[in-house]
Structures are given as structure tokens and as C-alpha cells.
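Values quoted throughout were computed directly from the atomic coordinates according to the rules given, and no laboratory measurement underlies them. Note that the coordinates shown come from a computational prediction; the quantities given were computed from them, not determined experimentally. Reconstructed Cβ throughout: ideal geometry from the backbone, glycine too, with neighbour counts over all protein chains shown.
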Amino acid sequence: MPSAEGNLTWLPAADWPDLLAPPVAAALGRVPGALATSIDAALADTAAFCDAYDVAPEASANCVVVEGRRGEEVTFAAVMVLATDRADINRVVRRHLGVRKISFADQARAQELTGMEQGGITPVGLPDGWPVLVDARVVEAGPVVIGAGLRGAKLLVHGSALAELPGAVVLELAIS
């Protein structure tokens, strides 16, 4: 039966810094009890990951980087929703960030700014000042799987720990 742990072996993330992108490893102290596991990088995308490793999609949280603009001002932010949900980027996120235009950030730019690999970007270790918008369902989900900054690894954290990250704001982001 699918679960947050799936059929993976989870170990304390602090003991496995080679599984983490450098900014994630540096910020790991902000997420108490984080566990890490190695995965096949070709299976990092959510659907393939959940199928291959028997992880429940409702226990997997996705992080997307958005770029908002108001005039010449550009704002980057991370948005966290469960794999079973879609975030209301055009209304809720745009309004919260106070921007006129919003889109998903260019992949190469997101990698450059975060120091993380596309498909592994996580809210842990993002640049200072970035808002981290966490859907309330993620906070309430209990243990959730998130990226580790590298495609070949995942973190298992309590959803409520994401609400404690610097810049984190809990919102009703999921589109019903």
C-alpha cells in the first residue's frame, strides 16, 4: 500500500550530505528530523517516482519556482502543493506576491538562482528573501516527500516543518 516512506530506505539527511545540493545541505538545520534517500534520477518526476517507489501522491509535495513582475521589479518565489493538487498561480499566488504578471520561472534561470537541479528544487535552502508559499494541505499532510536539490535524491519531512522555513507563508493555494 502506498505511503510517504514507500519502499525506500530513509536515513537521517544530515548523515548524507552527498545526496543534497550544497544550499540544501547548508540549510538542513531548518528542517528538524529530515530524512534522505537516493533514487534513480530518471525517476525524479513525481508520477514516475510515486509509481516506482510506492509513494502515495498525497504524501508527495511539489515545489515550483515562479517569476512575478510589476514594472521593472521581478520577484521569484517557491510554491509548494501536494502532487494531487494544482496551485492557483494566476490568482492566489499573483495576488499574494503583488505582481501584475506571473509565470513559471525559466528552468535554466531557476537552477542558476537556486543552485539546485531542475526536478529536485526544494524550498529548503532557497536564496534569502524568496517567499515560500506553502499550501495548507501540505502543512496538514504529515510526512511528505520533497526534493533534495538533486534529481537523484529525495527528502522526507513533516509538512508542518515547511511552514517554519524562512519566508514561508501558509495559504489556500490548491485549486479545487
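Would you say ASP135 is charged (D, E, K, R) and out of contact with any Leu (no Cβ under 6 Å at 6 or more places or on another chain)?
No, not satisfied.
Of the residues ALA153, ALA141, ALA108, only one is small (Gly, Ala, Ser) and in contact with a strand residue (DSSP E or B) (Cβ under 6 Å, 6 or more places away or on another chain); which?
ALA153
If I go through the range 39-61 residue by residue, how many of them are within 20 Å of GLU117 (Cα to Cα), in contact (Cβ under 8 Å) with a residue 60 or more places away in the chain and within 17 Å of the chain's Cα centre (by Cα)?
7
Check off (1) buried (at least 17 other Cβ atoms within 10 Å of the Cβ); (2) closer than 16 Å to VAL157 by Cβ for ALA44 and give me the number that stays unchecked.
Among (1) buried (at least 17 other Cβ atoms within 10 Å of the Cβ); (2) closer than 16 Å to VAL157 by Cβ, the lone unmet condition for ALA44 is (2).
When you check GLU72 against the structure, is it loosely packed, with under 14 Cβ neighbours inside 10 Å and under 25 Å from ILE102 (Cα atoms), yes or no?
Spelling it out, GLU72 is indeed loosely packed, with under 14 Cβ neighbours inside 10 Å and under 25 Å from ILE102 (Cα atoms).
Looking at VAL65, is it out of contact with any Asp or Glu (no Cβ under 8 Å at 6 or more places or on another chain), surrounded by 22 or more Cβ atoms within 10 Å (Cβ to Cβ), touching a residue at least 40 places away in the same chain (Cβ under 8 Å) and β-branched (Val, Ile, Thr)?
yes
Tell me, please, whether a residue that is of a type in the set (Val, Ile, Thr), touching a Lys or Arg at 6+ places or on another chain (Cβ under 7 Å) and closer than 22 Å to ILE175 by Cβ can be found in the range 78-90.
Among the residues of the range 78-90, not one is of a type in the set (Val, Ile, Thr), touching a Lys or Arg at 6+ places or on another chain (Cβ under 7 Å) and closer than 22 Å to ILE175 by Cβ, which makes the answer no.
Does the range 1-15 hold any residues that are assigned to a loop (DSSP other than H, G, I, E, B) and touching a helix residue (DSSP H, G or I) at 6+ places or on another chain (Cβ under 9 Å), and which are they?
Once the filter is applied, which keeps residues that are assigned to a loop (DSSP other than H, G, I, E, B) and touching a helix residue (DSSP H, G or I) at 6+ places or on another chain (Cβ under 9 Å), the range 1-15 yields PRO2, ALA4, GLU5, GLY6, ASN7, LEU8.
With the requirement that a residue be over 25 Å from PRO127 (Cβ atoms) and either touching a residue at least 60 places away in the same chain (Cβ under 8 Å) or surrounded by 13 or more Cβ atoms within 10 Å (Cβ to Cβ) (or both), what does the range 12-38 give you?
THR37, SER38
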